[in-house]
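Here, each number is a calculation from the coordinates, and none is a lab measurement. Not measured: the values here are computed from a predicted model. Cβ coordinates were reconstructed from backbone atoms using ideal geometry, including for glycine residues, and neighbour counts include every protein chain displayed.
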Amino acid sequence: MGLYAAVAAGGFRRYATYGTATAAGVFTNTVFGFIVAFTYIALWDQRPGLGGYDQSQALTFVWVSQSLLAAGALIGGGFQEELQERVRTGDIAVDLYRPADLQMWWLAADLGRAAFQLLGRGLVPLAAGALAFRLALPWDPWRWLLFLVSVGLGLVVSFALRYLLGLLAFWLLDGAGINLMATVVSIFFSGMLLPLTVFPGAFGEFVRVLPWAAMLQVPLDVLLGEHSGAGTAAGALAFQAGWVLVLLGIGRLLQSAGTRKVVVQGG
């Protein structure tokens, strides 16, 4: 575990060196947050209580989403492009020779990246939103603790999905197309575009059980008190943990198949 802790710390330091990019990301998240917030105000003025949220809850959804956007790599970013490139160039052979598990290595590195993005790009937009609007942020420290646990599980779900994309390079070589498709799916099905509770009927129930819901919708509902009881909060975290196990398991199987297939130039 000391090895993976060091890898995570390295991932944190790596992204901390890009100060200008971080500042630009903070500015972009904040501006985009204001654009979406005023759009939500207009929408909730016309449809009060839409999706089961009042206007202050909807605005909280906007600004907390912006604080999690970079950490969860909801619109791309993270490690999968690098993994795909290493497969394409054959540098993956170096990774396979390391005395470390490939999946755990990338998970540790990505969690280090996510921790920096959560602090570096998450706090300022949320503070700006809290100063400009009346948000429904809870005072209960227990609710915040559950939220942080839920965020952690959501980050692992995000990693597991993107790890599958990275592994597809063993067969596709060029991952640009699949990455673009995955970004569109993530934007829509995570709740970043609109809360998933807005979608009615069977379609709404369907999108809320997909793994993308575990990345954003579930943590936001935990924070907003939609899963405030002990049983409902445990059920929400169990839903996320279930997807963590399923997706990491699929990743393990795909990794095994890919590493049996890999052929590196020169050997």
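With one equal scatterer per alpha carbon and no solvent term, the Debye-computed log10 I(q)/I(0) for the chain at 0.12, 0.13, 0.15 1/Å reads -0.74, -0.87, -1.12.
Note on PHE32 and VAL185: the extension gain reaches 53.1 nm, defined as 0.36 nm multiplied by sequence separation minus the Cα-Cα distance. For segment 1-143, pairs of C-alpha atoms spaced more than 24 angstrom apart make up 45 percent of the total. With 0.36 nm allotted per residue and the present C-alpha distance subtracted, the LEU119-LEU148 stretch has 9.2 nm of extension available. For ASP95 and LEU43, compute 0.36 nm times the residue count separating them, minus their Cα-Cα distance, and round to one decimal in nm. Taking 0.36 nm per residue and subtracting the Cα distance, the gain is 13.8 nm.
For the pair ALA238 and ASP174, a Förster radius of 30 Å applied to the C-beta separation gives a FRET efficiency near 0.20, rounded to the nearest 0.05. Highest GNM mean-square fluctuation among TYR53, TYR15, TYR97, for the chain modelled with Cα contacts below 10 Å: TYR97.
To the nearest 10 degrees, how steeply does helix 55-69 sit against the main Cα axis of the chain, on a 0 to 90 scale? Rounded to the nearest ten degrees, it is 20. Packing around the peptides 115-124, 131-140, 211-220, taken as the average count of other Cβ atoms within 10 Å per residue, puts them in this order, highest first: 211-220, 115-124, 131-140.
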